[in-house]
1. When only Cα pairs under 8 Å and 6 or more residues apart are kept, what is the percent relative contact order across the chain?
2. Taking a probe of 1.4 Å, how large is the accessible area per residue of region 103-219, in Å²?
3. Once every DSSP H run of n ≥ 4 in the chain is given -39500 (n - 2.57) and the sum is divided by its residues, what mean residue ellipticity at 222 nm do you get, rounded to the nearest 500 deg cm²/dmol?
4. Between rounded, prolate and oblate, where does region 119-158 land on the alpha carbon gyration tensor, with a ≥ b ≥ c its root eigenvalues, rounded for a/c under 1.5, else prolate if a/b exceeds b/c?
5. Quick one, what does Rg over Rh come out to for the chain if you take C-alpha atoms and the Kirkwood Rh?
6. Pairs of alpha-carbon atoms within less than 8 angstrom and 6+ residues apart define the contacts here; what relative contact order does region 108-174 have, in percent?
7. Compare the Cα positions of Tyr36, Ile114, Gln181 along the charge dipole of the chain (+1 at Cβ of Lys, Arg; -1 at Cβ of Asp, Glu; about the Cα centre) and return the one farthest towards the positive end.
8. For region 127-189, what is the charge dipole size about the Cα centre, in debye to the nearest 20, if Lys and Arg each add +1 at the Cβ and Asp and Glu each add -1 at the Cβ?
Amino acid sequence: MSIKNNLQLIKDSLPEHVHLVAVSKTKPVSDLMQAYEAGQRIFGENKIQEMTDKWEQMPRDIQWHMIGHVQTNKVKYMAPYVSLIHGVDSLKLLKEIDRQAKRYRRIIPCLLQIYIAKEETKFGLSQTELMEIIHSDDFKALQNIKVIGLMGMASFTDNEDIIRNEFTELKHIFDYIQPYQLDNCHFQQLSMGMSGDYKIAIECGSTIVRIGSSIFGHR
């Protein structure tokens, strides 16, 4: 199956309200261009330097999503162009994104990453930490970011019950927090689900899925 055919099969399976992020990390620009020519406009990368290199080479109507763990000292490299940062897991990182966005007179959309997996390798905030951040005066003072939702990654397991329970937990947190709105905070999007579990994620309420290997093949 070609990249174009893979992409079409996945798009045909998605409800209208679900956004597809084509996870293109480690893939060459030629592969991304095949997806682009098939109509894909949202790409996800997990390394800022690689994403920046691709941004410089590819059409300007692409939305670039940073889906990996972000180090504060690397934010400046993507601040001019990034469309959405998925994995924001601290107030310190939000402050740096805000600072760099201000330099470019931008407002950068972000998702706050919630820890739902039963694995120590995953990053993210607890519900308590989430509430502490959005109720803090420091957060309310940020003018160049906009938190538009939550993101989470399920455990890496074949047990669908565990995956479903973790996604359901994140949806409950999302539903709880959604009424809370500020100028820089409007919870609309829920990013969960990858190639192996995106169908379960959609059943549980995901509005953004991140799919790589099912489009581009395994790395």
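1. Relative contact order of the chain: 19 percent.
2. 51 Å²
3. -11000 deg cm²/dmol
4. prolate
5. When Rh is taken as the Kirkwood radius, the ratio is 0.95.
6. Computed over region 108-174, the figure is 42 percent.
7. Tyr36
8. On the way: 4 positive and 11 negative charges, 58 e Å.
Here region 127-189 has a charge dipole of around 280 debye.
The values are calculated or read from the model by the stated rules, or taken from the named source; none is laboratory data. Please read these numbers as outputs of a predicted model, since none were measured by experiment. Cβ coordinates were reconstructed from backbone atoms using ideal geometry, including for glycine residues, and neighbour counts include every protein chain displayed. Quick note on the areas: whole protein, heavy atoms, side chains included, nothing else; ligands and nucleic acids left out. Shrake-Rupley method; radii C 1.70, N 1.55, O 1.52, S 1.80 Å.
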